[in-house]
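Undergrad: Before I ask anything, here is the structure I am working with.
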Amino acid sequence: MSNTIKSLLPPLHDGHRVPAVESRGAWQVLGDGDLLEVIARGLNTGEKLQGTIDDIVSVPDIWAQLTVFHNALTVERHPLHTRATAEWRGLLATFALAAYQSQPVTCELVSLSTLSNGRWAEIVRRLPPSTDLLDGRCIDEIGLVRAGVRLIAFAQPLTLLAPSRSLPDFQSEPPSVPWMLNGHFLDPLRSKSLSPQERAVLAHFLEFLCNDLGAEQAHGGDVPVLLGLARSYLDDAQKLGIAQVTQFEPEPVRLDLPRMPVFETLRRRFRGGMAGKAVSDCLVRMRSGLTTPLKGVVLVDLRIG
Amino acid sequence: VTSNFLLGLGGTGAKCVEAFVRLATCGVGPDSSWIGLLDQDRSNGNTSRASRVLSEYAEVRTALRTPGSAQLGSSRLLSMALEKPREGWAWAPEERVSASLSTSVGYSGLPAAEQALVEGLFSDEERRMQLDEGFRQRPALGAALTLQSVTSASPVWKDLLTALQSAGHGVDVRVFLVASIFGGTGAAAFPTVARLLRAEIEQRGLGDQVKLGGALLLPYFSFPPPPEGDGPAIRPNSAAFMMQARGALEYYSRLQSQKLFDRLYVIGNDPLIPLRHYSEGGATQTNPPLLPELVAALAAIDFVQNRPEGDRGTVVAAGTGTNGPVGWEDLPFAGVRSLALRAEVAATVRMAVAWRQLYQPALKGEQWRGCAREAWYRRLLSQDGNGAAGTDASQGVIRHATAVFEGLLQWLVALNRGGAGDTRPLALIEDSRLAAAWTSSEVDAVRLNDSLRATAFESLVPPNHGPSLANVFSHMTYGPIPSDCQGLGRVLAVLRDACGSKQIENF
């Protein structure tokens with residue numbers, strides 16, 4: 001009977017692409033760093049578990065909150081990709097639609113290299129993540145994004161925005177924005193509270209973002225991926241229908257963001273001018289041809305009231 | 001000063017270090033090595049056990065390899081010189097009892113912006129988690145405290161930097177780290193220490209002189225779910241291992257693409273080996289030895305002893321045959337040399353049994369007087385003085401050697417009984433001949449049989465037969481005596497020679 005070889009690796013699912021070990025009794029070179037990703041994708045994680053996992057806590061890096069979010073956002077097959085994309089969209093909308101929200105969005109810039117000496121400062125500046133937007137250099141400037149007094153996100157060149165790990169600790173408090181649930185940002189395009197006018201403002205903001213990211217494409221790596229995500233966001237917003245905004249009125253804003261051109265978009269804050277037209281998902285015009293003094297009806301949900 | 005450095009990180013790293021030391025007892029491995037353990041949970045049963053094994057090895061080796069007293073000479077037995085870290089075998093990133101991340105970094109006294117950074121990176125629960133029993137599957141926390149403690153002032157780091165200094169003087173240095181990808185301390189420290197070391201290596205321009213290797217244990221065991229009821233908010237959960245391992249591997253992929261390790265050995269087991277007991281850490285976390293840990297020890301030996309060359313940044317793995325039990329020929333030991341591995345271990349196992357059964361009882365206490373006129377005793381011990389075996393020093397050596405050899409046998413029995421799970425037997429030794437049934441997960445609870453039939457002795461290490469006890473006795477009485485041995489070292493060296501397979505043909 002032939003003696004086939006079984007790799008000394010964890011359970012892998014059918015169809016994995018991990019190269020076979022060809023002989024026993026010896027070490028065999030299977031690849032380089034990319035092989036680890038092949039093994040990661042080949043692990044038999046079980047469908048049941050895959051659907052229920054709500055966090056990756058196994059990344060041994062103090063910046064894991066950023067690096068896990070970055071992986072989840074930029075790798076489509078990542079088990080948390082859908083959630084990360086929704087959170088990223090939610091965070092971008094928080095900036096785009098800040099003019100429509102009651103809680104002021106602010107940003108305080110921190111430079112790791114100039115933090116005062118101390119244990120925590122030593123820890124955070126020792127092995128910060130590197131990023132393609134800085135051509136592989138480590139990040140130094142980080143924006144602490146707050147809604148009201150609550151820290152909600154980091155503005156940084158790895159993913160532009162990433163949620164704070166402590167957000168779920170405040171889930172008993174009223175959410176900072178309507179597209180937030182249980183301490184997680186949601187995709188605002190799935191939020192019924194977003195009006196066509198707000199979608200138009202969001203789309204306008206995303207056009208700027210696409211332009212700014214497009215200008216940075218030469219960096220390669222993750223930058224085209226982020227651009228793809230932004231374009232897809234813009235497409236989805238437009239597909240849902242946006243109001244015919246006649247004018248985007250800029251609002252003055254002072255945000256202390258990392259000093260890189262790509263963050264300029266986050267400093268753009270608009271209100272959509274409708275030139276006297278009212279636009280709402282709840283407002284239905286009367287069918288033409290009806291003889292009535294009414295111009296339309298407003299749908300009211302008493303349960304909301 | 002050695003040029004080989006082995007650092008076992010966390011509980012799994014400690015178990016791999018134990019396997020490395022067990023092999024060193026048998027004469028397998030490099031001639032010298034510095035070995036350290038890093039575990040936040042120093043009370044962890046696996047880590048304290050490894051510390052004990054290291055101490056026992058160091059003690060008996062000193063006793064048997066000190067010029068002027070008992071001397072093993074050129075025997076492979078206990079040949080590896082062991083260097084101890086300046087501050088003891090085990091080191092914890094955060095030494096304070098009942099510390100948490102918050103207390104450790106002085107969270108409440110930080111400026112507001114730095115407090116916000118802590119909040120953004122760690123949840124409230126994580127910030128307040130007590131760390132006296134490890135990092136409880138939160139390696140990001142472990143990474144924070146490892147970074148905090150690995151400074152130019154920390155003792156273990158000083159030892160490792162000394163290694164780099166020797167490299168600066170032309171020595172080819174090998175540093176090997178071993179840990180599991182899941183869990184807390186080991187998972188946290190493995191890439192963190194590696195990244196810090198790599199940064200030092202690059203900064204000093206020593207990439208050609210210092211090679212950094214690692215064995216990363218991917219999921220290879222499972223344990224029962226935590227019991228219901230009170231317990232820490234964050235608890236080990238084996239069901240999530242695979243998913244968490246996937247997340248961590250993606251992170252490692254990026255690091256290794258930047259060629260963090262010169263050579264990275266990845267090891268797992270399919271199916272996962274089910275452990276019987278759940279433990280939240282501390283002294284109760286003591287698991288039986290498992291095959292992947294032995295394989296990780298062989299990876300360390302491959303890296304520091306065989307010194308494989310090749311492109312920096314490679315990832316290597318091994319495999320076993322699928323037919324029948326896992327045997328010696330399945331173990332990765334430089335190809336056909338797995339037979340050499342078997343030969344070294346087999347000779348030491350037989351020696352340990354013969355020592356325990358025949359020679360130690362004959363030399364212990366005042367018993368030596370009863371055999372002082374026998375030919376083997378006169379040949380091997382009389383030249384050191386008539387009462388050579390009766391001195392306090394000799395009796396101390398007998399006690400230490402017995403403890404080390406019994407520990408080796410217990411460990412091998414435990415490994416062979418369930419080291420690859422219930423569905424995959426191991427055939428490294430005939431464990432049923434050595435010990436009674438064993439149902440505990442404690443290696444120390446393995447009860448060794450007091451006596452072994454002569455035929456059983458010959459077939460202790462499959463598949464080949466070794467010498468009989470009569471052959472061994474003949475060798476002790478008439479066989480060659482190495483000239484560089486002395487006292488009880490001479491007895492043990494000749495006994496181990498006698499227990500080698502080649503002695504079958506000689507007698």
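Undergrad: When residues of the stretch B:300-330 are filtered for being within 7 Å of chain A (Cβ to nearest Cβ) and either touching a helix residue (DSSP H, G or I) at 6+ places or on another chain (Cβ under 7 Å) or under 20 Å from B:K259 (Cβ atoms) (or both), how many remain?
TA: Looking only at that region, the number is 11.
Undergrad: Scan the stretch A:151-176 residue by residue and report those that are more than 10 Å from chain B (Cβ to nearest Cβ) and outside any strand (DSSP E or B).
TA: If the condition is that a residue be more than 10 Å from chain B (Cβ to nearest Cβ) and outside any strand (DSSP E or B), then A:P157, A:L158, A:T159, A:Q171, A:S172, A:E173, A:P174, A:P175, A:S176 are the ones that fit.
Undergrad: Right, next: Output the residue which, of all residues in the stretch B:383-399 that are charged (D, E, K, R) and under 33 Å from the mean Cα position of the chain (by Cα), is nearest to B:V60 (Cα to Cα).
TA: For the stretch B:383-399, the residue satisfying everything is B:R399.
Undergrad: Kindly evaluate B:F457 against the criterion of being modelled with pLDDT of 90 or more, of a type outside the set (G, A, S) and out of contact with any Phe, Trp or Tyr (no Cβ under 9 Å at 6 or more places or on another chain). Can you show your working first?
TA: Numbers: modelled with pLDDT of 90 or more: yes; of a type outside the set (G, A, S): yes; out of contact with any Phe, Trp or Tyr (no Cβ under 9 Å at 6 or more places or on another chain): yes.
Against the criterion (modelled with pLDDT of 90 or more, of a type outside the set (G, A, S) and out of contact with any Phe, Trp or Tyr (no Cβ under 9 Å at 6 or more places or on another chain)), B:F457 qualifies.
Undergrad: Residues being more than 9 Å from chain A (Cβ to nearest Cβ) and assigned to a helix (DSSP H, G or I): count how many of those fall in the stretch B:187-208.
TA: Going through the stretch B:187-208 one residue at a time, the tally reaches 8.
Undergrad: Hey, among the residues in the stretch B:114-159 that are hydrophobic (A, V, I, L, M, F, W, C) and within 24 Å of the chain's Cα centre (by Cα), which one's farthest from the other protein chains (Cβ to nearest Cβ)?
TA: B:V156
Undergrad: Go through the residues of the stretch B:440-450 one by one and say whether even a single one is assigned to a helix (DSSP H, G or I) and buried (at least 21 other Cβ atoms within 10 Å of the Cβ).
TA: Yes, some residue in the stretch B:440-450 is assigned to a helix (DSSP H, G or I) and buried (at least 21 other Cβ atoms within 10 Å of the Cβ).
Undergrad: Evaluate the following for B:S441: is it touching a His at 6+ places or on another chain (Cβ under 8 Å) and in contact (Cβ under 8 Å) with a residue 24 or more places away in the chain? Working first, answer last.
TA: Working: touching a His at 6+ places or on another chain (Cβ under 8 Å): yes; in contact (Cβ under 8 Å) with a residue 24 or more places away in the chain: yes.
Yes.
Undergrad: Let me ask something additional. Can you give me the number of residues within the stretch A:4-19 that are assigned to a loop (DSSP other than H, G, I, E, B), within 8 Å of chain B (Cβ to nearest Cβ) and surrounded by 15 or more Cβ atoms within 10 Å (Cβ to Cβ)? Reasoning before the result, please.
TA: Step one: of the stretch A:4-19, the residues assigned to a loop (DSSP other than H, G, I, E, B) are A:4, A:8-11, A:13-19.
Keeping just the survivors that are within 8 Å of chain B (Cβ to nearest Cβ) gives A:4, A:8-11.
Within this subset, residues satisfying the condition of being surrounded by 15 or more Cβ atoms within 10 Å (Cβ to Cβ) are A:8-11.
Counting residues in the stretch A:4-19 that are assigned to a loop (DSSP other than H, G, I, E, B), within 8 Å of chain B (Cβ to nearest Cβ) and surrounded by 15 or more Cβ atoms within 10 Å (Cβ to Cβ) gives 4.
Undergrad: Do any helices (runs of 4 or more DSSP H) lying entirely in the stretch B:1-113 carry at least 2 residues that are in contact (Cβ under 8 Å) with a residue 12 or more places away in the chain, surrounded by fewer than 21 Cβ atoms within 10 Å (Cβ to Cβ) and within 13 Å of the chain's Cα centre (by Cα), and which ones are they?
TA: So the answer is B:45-64.
Undergrad: Among the candidates A:E76, A:E22, A:E87, which residue alone is more than 10 Å from every other protein chain (Cβ to nearest Cβ), farther than 23 Å from B:A189 by Cβ and in a loop (DSSP other than H, G, I, E, B)?
TA: A:E76
Undergrad: Counting just the residues of the stretch A:104-150 that are over 21 Å from the mean Cα position of the chain (by Cα) and among the polar types (S, T, N, Q), which one comes out farthest from the other protein chains (Cβ to nearest Cβ)?
TA: A:S113
Undergrad: Among the residues of the stretch B:288-299, write down those that are farther than 19 Å from A:L30 by Cα and either charged (D, E, K, R) or facing chain A (nearest Cβ under 9 Å) (or both).
TA: B:L291, B:E293 - these are the residues of the stretch B:288-299 that are farther than 19 Å from A:L30 by Cα and either charged (D, E, K, R) or facing chain A (nearest Cβ under 9 Å) (or both).
Undergrad: Take the stretch A:52-79 and flag every residue that is under 18 Å from A:H184 (Cβ atoms) and of a type outside the set (V, I, T).
TA: Those that are under 18 Å from A:H184 (Cβ atoms) and of a type outside the set (V, I, T): A:D54, A:D55, A:A64, A:Q65, A:L66, A:F69, A:H70, A:N71, A:A72, A:L73, A:H78, A:P79.
Undergrad: Name the residues in the stretch A:134-150 that are under 16 Å from A:Q101 (Cα atoms) and either touching an Asp or Glu at 6+ places or on another chain (Cβ under 6 Å) or touching a residue at least 24 places away in the same chain (Cβ under 8 Å) (or both), would you? Steps first, please.
TA: Here is the first cut: in the stretch A:134-150, the residues under 16 Å from A:Q101 (Cα atoms) are A:145-150.
A:V145, A:R146, A:A147, A:G148, A:R150 - these are the residues of the stretch A:134-150 that are under 16 Å from A:Q101 (Cα atoms) and either touching an Asp or Glu at 6+ places or on another chain (Cβ under 6 Å) or touching a residue at least 24 places away in the same chain (Cβ under 8 Å) (or both).
The values are calculated or read from the model by the stated rules, or taken from the named source; none is laboratory data. The model shown is predicted, which means the values in this text are computed figures rather than measured ones. For neighbour counting, all protein chains shown are included, and Cβ atoms are generated from backbone atoms with ideal geometry for every residue, glycine included.
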